[in-house]
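Peer 1: Structure incoming, see below.
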C-alpha cells in the first residue's frame, strides 16, 4: 500500500513538473508572438493567412496602432472573391450623372486622404488604425448630387448594405479606404474598399464596397439595421433601437 502511494506521488510530481515546463513554454511562445504582432488565433485558425504587400505601420505620430493581423473576420459568409481587373465602383441613384471607377482610377484620379480612426465593434473590441483612401465628397462631387438626395446607401460585393446620411458623410470627411496601416487593404478585411464610418458602430463600416446609391429614403434599413440595430449607430448611444 505504501508503495502504491509512493508511486502515485512520483507521478503527481512528474505531472507538476511537466505542467510547469508547459506553462513556461507557452509564456515564451506568447511573448514571441506578441513581438511579431501575431495572435494564437492566427496560428490555429483554419482561415487563409493574411498576406500583406509591405511592412505595415504600427506607430503613427506617437500613437500605437492595432496590427492588421489582430483584426477579426466578421463577414457573414466569408470574404467574397474579388476580380481586380473587372471590379468597378458604381455611383448611381439621385445623381446628375451615373459614374463608375476602376480600382486603379480610384487610387490615381483622387487625392489620397489619411487619418487615424478607431473602429468600435458591437462585440466589445476595437482597433485603432491608419486608414488611407478617397474622400466620399470628392466622388460625390463628380456625380452631381440631386437636391432631393439626403441618404446614401452603400452596397457590398457580398450583398451587405447599410445607409448613412449625406450630411454626415460630407461634413465629417468620411473616406473609402483602400490602404490600412500603410499597406493595401487585405481581401479578408474589405479589399478593394471599406467605408471608414468614424464615430459610428462597426456595422456601418461596410467592406467590399461596390456601389454607392444616392437616395431620398432616410428610413432605409441595411442588413443589420433590419435585425433591430440602430440606423443612426452613433457611438455615444446604444446600438439597438
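Peer 1: Which residues, counting only those in region 121-136, are at negative phi and surrounded by fewer than 18 Cβ atoms within 10 Å (Cβ to Cβ)?
Peer 2: 121, 122, 123, 125, 126, 128
Peer 1: Being surrounded by 15 or more Cβ atoms within 10 Å (Cβ to Cβ) and out of contact with any helix residue (DSSP H, G or I) (no Cβ under 8 Å at 6 or more places or on another chain) is the filter; apply it to region 93-111 and report the residue that is nearest to residue 149 (Cα to Cα). Spell out how you get there, then give the answer.
Peer 2: Step one: of region 93-111, the residues surrounded by 15 or more Cβ atoms within 10 Å (Cβ to Cβ) are 93-95, 99, 101-103, 106-107, 110.
Among the residues that remain, those that are also out of contact with any helix residue (DSSP H, G or I) (no Cβ under 8 Å at 6 or more places or on another chain) are: 93-94, 102-103, 106-107.
On the way: 93: 9, 94: 6, 102: 25, 103: 26, 106: 23, 107: 26 Å.
Out of the qualifying residues, it is 94.
Peer 1: Suppose we filter region 188-208 for residues that are over 11 Å from the mean Cα position of the chain (by Cα) and surrounded by fewer than 21 Cβ atoms within 10 Å (Cβ to Cβ); how many remain? Reasoning before the result, please.
Peer 2: If we filter region 188-208 for residues that are over 11 Å from the mean Cα position of the chain (by Cα), which is where we start, we get 192, 198-201.
Remaining after also requiring surrounded by fewer than 21 Cβ atoms within 10 Å (Cβ to Cβ): 198-199.
Qualifying residue count, region 188-208: 2.
Peer 1: Let me ask something additional. Which residue, of 188, 204, is at pLDDT below 95 and assigned by TED's automatic domain parsing to the domain that holds residue 221?
Peer 2: On the way: 204 fails: at pLDDT below 95.
That would be 188, the only listed residue that is at pLDDT below 95 and assigned by TED's automatic domain parsing to the domain that holds residue 221.
Each row is one residue, and each column tells you yes or no for (1) out of contact with any strand residue (DSSP E or B) (no Cβ under 7 Å at 6 or more places or on another chain); (2) more than 20 Å from residue 133 (Cβ to Cβ); (3) not assigned by TED's automatic domain parsing to the domain that holds residue 160.
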| position | (1), (2), (3) |
| --- | --- |
| 88 | no, no, no |
| 94 | no, yes, no |
| 100 | no, no, no |
| 104 | yes, no, no |
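Peer 1: Could you look through region 47-77, keep only residues that are assigned to a loop (DSSP other than H, G, I, E, B) and without any contact (Cβ under 8 Å) to a residue 24 or more places away in the chain, and pick out the one that is surrounded by the fewest Cβ atoms within 10 Å (Cβ to Cβ)?
Peer 2: Applying the first criterion (assigned to a loop (DSSP other than H, G, I, E, B)) to region 47-77 yields 47-58, 61-62, 65-67, 71-77.
Remaining after also requiring without any contact (Cβ under 8 Å) to a residue 24 or more places away in the chain: 49, 62.
Working: 49: 10, 62: 5.
Out of the qualifying residues, it is 62.
Peer 1: Among the numbered conditions (1) at pLDDT 95 or above; (2) part of a loop (DSSP other than H, G, I, E, B); (3) surrounded by fewer than 19 Cβ atoms within 10 Å (Cβ to Cβ), tell me where residue 222 comes up short.
Peer 2: Result: residue 222 passes all but (3).
Peer 1: Ok, one more. Using the structure shown, decide if residue 198 is in a loop (DSSP other than H, G, I, E, B), within 16 Å of residue 115 (Cβ to Cβ) and at pLDDT 95 or above. Step through it out loud before you land on a result.
Peer 2: Values: in a loop (DSSP other than H, G, I, E, B): yes; within 16 Å of residue 115 (Cβ to Cβ): yes; at pLDDT 95 or above: yes.
In short, yes.
Peer 1: So is residue 217 assigned to a loop (DSSP other than H, G, I, E, B) and outside the structural domain of residue 156 (by TED's automatic domain parsing) or not?
Peer 2: Numbers: assigned to a loop (DSSP other than H, G, I, E, B): yes; outside the structural domain of residue 156 (by TED's automatic domain parsing): no.
It is false that residue 217 is assigned to a loop (DSSP other than H, G, I, E, B) and outside the structural domain of residue 156 (by TED's automatic domain parsing).
The values are calculated or read from the model by the stated rules, or taken from the named source; none is laboratory data. Keep in mind it's a predicted model, so treat the numbers as computed, not measured. Here Cβ is always computed from backbone atoms with ideal geometry, including for glycine, and neighbour counts include all displayed protein chains.
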